[in-house]
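Below is one structure, written out as structure tokens, with a few remarks after it.
The values are calculated or read from the model by the stated rules, or taken from the named source; none is laboratory data. Note that this is a predicted model, so its numbers are computed, not measured. Glycine also receives a Cβ, built like all others from the backbone with ideal geometry; neighbour counts cover every protein chain displayed. The accessibility values were calculated without ligands, DNA or RNA, using every heavy atom of the protein model including side chains. Shrake-Rupley method; radii C 1.70, N 1.55, O 1.52, S 1.80 Å.
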Amino acid sequence: MKKLKDKIEDLFDNVIINDFYQNRIFVKTNKESVVSLLNYLKELGYDHLALVSCVDHVEENEFELVYILSAYIHNEHENQEKTNIIIKTRISREKAKFTSIINLFENAEPYEREIFELFGVDFVGHPRLKPLFLEINYETPPFRKDFDTRKFVDDFFANIPIIEEIEDEK
Amino acid sequence: MDRNQIGKWLRSPQKMSNKYSLHAVYFCTGCGIIEIPPSITTRWDAERFGIIPAPNPRQANLFLITGYVSLKTLKAIIRTYEQMLEPKYTVGFGSCPINGGMYWDSYNTIKKLDKYIPIDGWIAGCMPRPEAIFVAVTHLWTLIEKDMATGYIKYRKNYKQYRANQEKIYGSLDWPPLYK
């Protein structure tokens, strides 16, 4: 039987696979083939999307989106490997945009909303892309590396005046 | 009853009963709430000091703010505080409500809580031990006895300033002002 690594390499170009660690496969790919790769892996039985995350590479002006997949049930008859699959892809940081994968994995919804709110990545095809956690609007999304928290604290919280007590009229 | 205190009871029964029946709102924020279950149950037994957790803010008069206050929690804190009946006392618990603590440069955490609601006393430390709660409570007794725990009167008097500060954070609040 073919190993999972070879199966993916046969079907997809532009993938770099690293299976150095036990029970873990890192797949680096370009942004066009992420959705088809996720679709393929879901059909293979890796039907649990554990996480969608985002990493800000500010020097390279790129965001890295991370998808972690695993299988709920380990199917030994079909020689399915018991492993976590970590899919990484890079997107541009300017006007960051990516395809939503809600049609494939429904539980991606809160993750994508979170990334939209904290990193400012626009997910095309997401039905409810609106703020999830934050109460106020920030000019730069706060998890971006170029968001200066200390400057924000000085501008925003330090400018709120201390309560001055009104003295009683005698 | 302590015989020495009979005079005090006769002079100001209301003050004495406020003092010995502090009902704390069971409001959890931040990590300090982990100190509350041991202090209200058998290990430290807060009922010795007349403190008992109240199920809702309308039956409570002690508000322990037990940790960092994020912008979302502040909204809930203001609403809870405004629902409590007078006289009401607030105690900031831990170093985060005092000046932000370890979240001093966080984008989403309030730095000085007494800009938004009045605080009668602070407990410093990260984390304060349950004993520190009782030290604070005995201090609060003294303050109540000497008419110094007047946070709720301050709130009523300077409500415009408090409301302005609250609105500065959120832009607009979705409930009407408590006082005119």
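Mind checking whether some residue in segment A:47-64 is on the phi < 0 side of the Ramachandran plot and part of a helix (DSSP H, G or I)? Within segment A:47-64, not a single residue is on the phi < 0 side of the Ramachandran plot and part of a helix (DSSP H, G or I). Selection of segment A:90-130 for residues being part of a strand (DSSP E or B) and open to solvent by 20 Å² or more (accessible area, probe 1.4 Å) yields A:90, A:92, A:97, A:99, A:122, A:124.
So that you can scan it fast, the table gives a plain yes or no per residue for (1) modelled with pLDDT of 90 or more; (2) out of contact with any Asp or Glu (no Cβ under 8 Å at 6 or more places or on another chain):
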site: A:36; (1), (2): yes, yes
site: A:60; (1), (2): yes, yes
site: A:63; (1), (2): yes, no
site: A:72; (1), (2): no, no
site: A:75; (1), (2): no, yes
site: A:100; (1), (2): yes, no
site: A:108; (1), (2): yes, yes
site: A:113; (1), (2): yes, yes
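Listed conditions (1) away from chain B (no Cβ under 14 Å); (2) out of contact with any His (no Cβ under 8 Å at 6 or more places or on another chain); (3) in a loop (DSSP other than H, G, I, E, B); (4) not aliphatic (A, V, I, L, M) are all met by residue A:133, apart from (1).
Quick check on segment B:139-180: of everything there that is within 14 Å of another protein chain (Cβ to nearest Cβ) and among the polar types (S, T, N, Q), which residue is nearest to the chain's Cα centre (by Cα)? Checked segment B:139-180; the qualifying residue nearest to the chain's Cα centre (by Cα) is B:150. Can you find, within segment A:19-30, the residue that is farthest from residue A:74 (Cα to Cα) among those that are open to solvent by less than 90 Å² (accessible area, probe 1.4 Å) and at pLDDT 85 or above? Restricting to residues being open to solvent by less than 90 Å² (accessible area, probe 1.4 Å) and at pLDDT 85 or above, the top hit is A:30. Restricting attention to segment A:1-18, the residues that are open to solvent by 100 Å² or more (accessible area, probe 1.4 Å) and either farther than 16 Å from residue A:39 by Cα or basic (Lys, Arg) (or both) total 5. So, residue B:9, is that one out of contact with any Phe, Trp or Tyr (no Cβ under 7 Å at 6 or more places or on another chain), within 23 Å of residue B:127 (Cβ to Cβ) and among the aromatic types (Phe, Trp, Tyr) or not? For residue B:9, the condition - out of contact with any Phe, Trp or Tyr (no Cβ under 7 Å at 6 or more places or on another chain), within 23 Å of residue B:127 (Cβ to Cβ) and among the aromatic types (Phe, Trp, Tyr) - is not met.
There is at least one residue in segment A:109-127 that is in contact with a Pro (Cβ under 6 Å, 6 or more places away or on another chain) and of a type in the set (A, V, I, L, M). Could you check, for segment B:32-53, whether at least one of its residues is away from every other protein chain (no Cβ under 13 Å), touching a Cys at 6+ places or on another chain (Cβ under 9 Å) and open to solvent by less than 10 Å² (accessible area, probe 1.4 Å)? For segment B:32-53, residues away from every other protein chain (no Cβ under 13 Å), touching a Cys at 6+ places or on another chain (Cβ under 9 Å) and open to solvent by less than 10 Å² (accessible area, probe 1.4 Å): present.
Among the residues of segment A:76-89, not a single one is in a helix (DSSP H, G or I) and touching a residue at least 40 places away in the same chain (Cβ under 8 Å).
Any chance segment A:146-159 includes a residue that's in a loop (DSSP other than H, G, I, E, B) and away from every other protein chain (no Cβ under 11 Å)? Checked against the condition, which is being in a loop (DSSP other than H, G, I, E, B) and away from every other protein chain (no Cβ under 11 Å), segment A:146-159 yields at least one hit. Filtered by the rule that a residue be open to solvent by 50 Å² or more (accessible area, probe 1.4 Å), touching a helix residue (DSSP H, G or I) at 6+ places or on another chain (Cβ under 7 Å) and under 19 Å from residue B:17 (Cα atoms), segment B:54-78 gives a lone residue, B:58.
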